[in-house]
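The values are calculated or read from the model by the stated rules, or taken from the named source; none is laboratory data. For clarity, every value in this text was computed on a predicted model and none was experimentally measured. Backbone-built Cβ (ideal geometry, glycine too); neighbour counts: all protein chains shown. Heads up: the accessible areas ignore ligands, DNA and RNA and are worked out on the full protein's heavy atoms, side chains in. Shrake-Rupley method; radii C 1.70, N 1.55, O 1.52, S 1.80 Å.
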Amino acid sequence: METATGLLTCQIRGRLTAAARRTTSPVVTGDQVEIAETAPGRGVVESVAPRRSTVSRVASGARPYQQVVAANLDRFFIVVSARQPAFNPGFVDRAMVVALSGGIEPVVCINKIDLDAAVAHDEAVALYRHLGYRVLLVSAATGEGMEPLRQAFAERVSALVGQSGVGKSTILNHIEPGLELTTRGLMTRHDRGRHTTTATQLYALSMGGYVADTPGVKQLQPWGLTRDDLVQCFVEMAPLAGSCQFRDCTHLHEPGCAIREAVEAGQIHSRRYEGYCRMAEGIEVGGGRTDA
Ligand code: GDP
Ligand code: ZN
């Protein structure tokens, strides 16, 4: 633990590990903890404050279980690129569910606009803005659009999520040159005896705020969502969910489904609806994993 007085190697109180054993690591990146110093350079985590937000992934084991990988993030920068790799709105939809279901604000960041300025006119950009989400168009290579992005990092705890090659490291280097993104992995031993290095690190930014080094979002599947929870993450579908003919409508195939009617009427974009369907089909009744 990095503290005002230096680095402390901390143990975690036994009762905290016991309480958390079934679901997650007791202390993860971003947790606010109370530490007591027990000896010079040594301490013990006494308590963990309630988490404002969480990012979970499905950890594999004999039975898949939930692993919280970060806590108290304010903002997800969902990074995609205009080209190389090609703009992928489906990825944005999925990452948004991870963000929204965890209580994190999503900001869409489209990088590499120097390669294809026309992406600004892509209908997905207009759609996200219409739905109330912030979309920033940037080029980490030329610096275009980077100042608003920089400001969006200030005073917040953020993470960049995106597929490999979209420019996450380049963006971070632009925002905070010299930020050392070598992982001083926090080894945790609480995942049923195995060592993992998924929980990593928060880096302090000179303008205030932190950026978390999160593992690839591919593994960041929303955990334990019911279909009702999932619908709530699609802001244009949520208000209609109570108007379906069947109270337990899954919105996948039932007659009299208000959401499907709105898709047919062109009020809900079919790509967003298809994204919902892909994720909903992965949910067992009563919640579970959502593979998308
Ligand atoms: P990451 O895997 O998401 O961290 O992606 P990187 O930051 O490593 O970038 C992948 C490649 O894209 C590198 O070759 C970068 O130089 C390049 N790149 C990043 N941002 C831009 C950009 O705005 N424009 C262009 N043309 N290339 C970029
Ligand atoms: Zn329905």
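Solvent exposure of region 26-171, expressed per residue, is 41 Å² of accessible area, with all protein chains present and a 1.4 angstrom probe. Proximity of backbone amide H atoms, modeled 1.01 Å from N, is registered between Val157 and Asp74, Arg75, Tyr210 at under 5 Å, excluding neighbours fewer than 5 places apart on the same chain. Near the amide H of Glu46, within less than 5 Å, lie the amide hydrogens of Glu34, Ile35, Ala36, all on another chain or at least 5 residues away, with H placed in the peptide plane. Distance between the pseudo-spin-label points of Val33 and Asp228 (7 Å out from Cα toward the beta carbon): 3.5 nm. Close amide-amide hydrogen proximity is noted between Val69 and Val55, Ser56, Arg57, each under 5 Å apart and 5 or more residues distant or on a separate chain (H modeled in the peptide plane; Pro and chain starts excluded). Once the chain from Arg129 to Cys277 is taken as fully extended at 0.36 nm per residue, the excess over their C-alpha distance is 51.1 nm. Our coupling estimate for region 81-87, obtained by passing each phi through the Karplus curve with A = 6.51, B = -1.76, C = 1.60 and θ = phi - 60°, is 10, 5, 8, 6, x, 4, 3 Hz, Gly and Pro reported as x.
For region 227-281, the average shadow cast by the Cα convex hull is 3.2 nm², which is a quarter of the hull's surface. Listed values for region 138-155 are Karplus-derived 3J(HN,Hα) couplings in whole Hz (6.51 cos²θ - 1.76 cosθ + 1.60, θ = phi - 60°), namely 9, 10, 5, 6, 9, x, 4, x, 6, 5, x, 5, 3, 5, 6, 8, 5, 6, and x replaces Gly and Pro. Mind listing which trypsin sites (Lys or Arg not before Pro) in region 56-95 are in a DSSP loop and have 10 or fewer other Cβ atoms within 10 Å? When the trypsin sites (Lys or Arg not before Pro) of region 56-95 are filtered for loop state and at most 10 Cβ neighbours within 10 Å, nothing remains. Counting only protein heavy atoms and a 1.4 Å probe, tell me what percentage of region 227-281's accessible area is made up of carbon and sulfur. Exposed carbon and sulfur together represent 47 percent of the surface. Could you give the alpha-carbon Rg of region 70-213 over 2.2 N^0.38 Å, rounded to two decimals? Region 70-213 yields a ratio of 1.07.
In region 70-213, taking the dipole from charged Cβ atoms about the Cα centre, the farthest positive-side position among His174, Ile113, Tyr203 is held by Tyr203. Beta bridges from DSSP with both residues in region 43-154: antiparallel share about 35 percent, rounded to the nearest 5.
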